[in-house]
1. With the requirement that a residue be touching a Leu at 6+ places or on another chain (Cβ under 8 Å) and farther than 23 Å from Leu84 by Cα, what does region 131-149 give you?
2. Taking region 154-208 only, how many residues are of a type in the set (S, T, N, Q), crowded, with 18+ Cβ neighbours inside 10 Å and under 22 Å from the mean Cα position of the chain (by Cα)?
3. Return the residue satisfying two criteria in turn: it lies in region 103-129 and is within 17 Å of the chain's Cα centre (by Cα) and hydrophobic (A, V, I, L, M, F, W, C), and of such residues it is surrounded by the fewest Cβ atoms within 10 Å (Cβ to Cβ).
4. Among residues belonging to region 52-79 that are in contact (Cβ under 8 Å) with a residue 24 or more places away in the chain and in a loop (DSSP other than H, G, I, E, B), point out the one that is farthest from the chain's Cα centre (by Cα).
5. Which count do you get for residues in region 121-156 that are of a type in the set (Phe, Trp, Tyr) and more than 18 Å from Ala98 (Cβ to Cβ)?
6. Got a sec? Which helices (runs of 4 or more DSSP H) wholly within region 122-210 have at least 2 residues that are of a type outside the set (Phe, Trp, Tyr) and under 26 Å from Tyr4 (Cα atoms)?
7. Let me spell it out: the conditions are (1) at pLDDT below 95; (2) under 22 Å from Gly155 (Cβ atoms); (3) surrounded by fewer than 10 Cβ atoms within 10 Å (Cβ to Cβ), and Ser263 meets all of them except one. Which number is the exception?
8. Taking Ser45 and the conditions (1) closer than 24 Å to His159 by Cα; (2) modelled with pLDDT of 95 or more, which numbered condition does it fall short on, given that it satisfies the others?
Amino acid sequence: MTPYKLGFAGAGNMAQSIIKGALSSSTLRPQDIFIYDIDASLTQSLQESLGILACSSLAQLCVNADIIILAVKPNVMAALLDGLKEHIDGKPVVSIAAGWSADMIAQIIGADKFICRLMPNTPLMVGEGMSVFESPCNLPEDKKAFVESLFSSLGAISHAPQKAMDAVTAVSGSGPAYVFMFIEALSDAGVLCGLSREQATLLAAQTVMGSAKMILKTGSHPGILKDAVCSPGGTTIEAVKSLEHDGFRGCVIKAVEKSAKKSKSLSQLT
């Protein structure tokens, strides 16, 4: 597959996760990655630490890169697109901003442009990401294949229609934060019960990772796997009873619903 040079407009956490994941997996070379951000000190620091190339303007970014990845917060996307549209020519843009559909982006940069929208998450930094592509996508087939290959090398990929992307954002895009909170709480509980912090965190994190792999590898419903751990009158069912009493599942469902609504509210051009 022909390698392309990537240009990142935005140098925040998600952009850094993609870059570090791509470099650690040898999917991209440092010299094939260009980055621009209004915080020049940040891009300079990334150039020094990762060997990628910092750009001083959007125009310079577009000159050097074959594909532009839009990696900024939703509230500054309109300004970014407005400054970008005169420089991109026929180069594809790939957006990872929450709430911004391909149609919304096209309203600013033009309906004739090549646009791909996807929602990744931060675990791609360690090769275990979940990236969902909005479908359809009008990128040329070779560049579309390259982008999908890039994100496939950083974890799993999937596709969803535009109307489902707010739910995608709420479940997998924001999901790592919920999981980190659960691991932290599980670790706190271990410390409360007498474990060292180091051991409690190891036990909690490995348990979450292993449980997730069981679902993916067996294809079993989570409820069935949960029941298999619960012995009659045992310790696990006692804990499950407590979680149910305190509304554990309801809290998670409500949080995801609120996240999806917030994502939808970002889908208003301002």
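The values are calculated or read from the model by the stated rules, or taken from the named source; none is laboratory data. None of the values given here were measured: they were computed from a predicted structure. All Cβ positions, even for glycine, are placed from backbone atoms using ideal geometry, and neighbour counts span all protein chains on display.
1. Ser131, Val132 - these are the residues of region 131-149 that are touching a Leu at 6+ places or on another chain (Cβ under 8 Å) and farther than 23 Å from Leu84 by Cα.
2. Number satisfying all stated conditions: 3.
3. Once the filter is applied, the top-ranked residue is Val126.
4. Applying the filter and picking the extreme gives Cys55.
5. Here is the first cut: in region 121-156, the ones of a type in the set (Phe, Trp, Tyr) are 133, 146, 151.
Now drop any that are not more than 18 Å from Ala98 (Cβ to Cβ), which leaves 146.
Result for region 121-156: 1.
6. Values: elements: 141-152, 165-168, 175-192.
By residue number, 141-152.
7. (3) is the only condition that Ser263 fails.
8. (1)
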